[in-house]
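Everything below concerns the one structure shown next.
The values are calculated or read from the model by the stated rules, or taken from the named source; none is laboratory data. Everything numeric in this text was worked out from a predicted model, so none of it was measured. We place every Cβ from the backbone using ideal geometry, glycine too, and count neighbours over all the protein chains shown.
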Amino acid sequence: MIRNFANSAFAFCLLAASAAPALAHVTLEQGEAAVGSTYRAVVRVPHGCGAEATHTLRVQIPQGFVNVKPMPLAGWTLETVTGAYDAPVTHRDSQVTEGVREIVWSGGNLPDAWYGEFVFRGAFATELEAGSTLHFPVVQECANGEEAWIDTDGGEGSPAPGVKLLPAAASAH
């Protein structure tokens, strides 16, 4: 009887471990940052689309995240899509009216069995509200489909990675 219990427990653990990757989702390495601060975003991609490799990753830049500069990734083509913001925002005491709205890494090959990180930096505008969460919707594209991590309101879709905004840091002046 103990042997049957041990075998059942082992089988359950194997089943649970094999199901874990299906629950994994795209996340940001750092989940908090201060309003007005510079932020290094590391988008962590734990799997492909089903068993397929990711060949393109698109990150939408939300209103209020400015001065965006993506990091090139060897073997991938890097592109930014720029445009006007919905409303002007403040960064370092200056009004900013346009900037990067989307970052696209394409032409790469991130197999489902591998893990990848895509990096960019920027700054949070001073108008943003502490306590709120700023989401960075992400779409992974594969040969025969995609994974869309775009839910920003807690609905039934796959959650977009987000950063909880903390109060602005005191000035060092």
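Pairing each residue of the range 24-52 that is charged (D, E, K, R) and part of a strand (DSSP E or B) with any residue that is crowded, with 20+ Cβ neighbours inside 10 Å and modelled with pLDDT of 95 or more, provided the two are 6+ apart or on different chains, yields no C-beta distance under 6 Å.
Got at least one residue in the range 95-111 being in a loop (DSSP other than H, G, I, E, B) and either without any contact (Cβ under 8 Å) to a residue 24 or more places away in the chain or more than 18 Å from Thr27 (Cα to Cα) (or both)? The answer is no; no qualifying residue exists.
Kindly indicate whether Glu156 is surrounded by 12 or more Cβ atoms within 10 Å (Cβ to Cβ), more than 13 Å from the chain's Cα centre (by Cα) and in a loop (DSSP other than H, G, I, E, B).
Criteria not met by Glu156.
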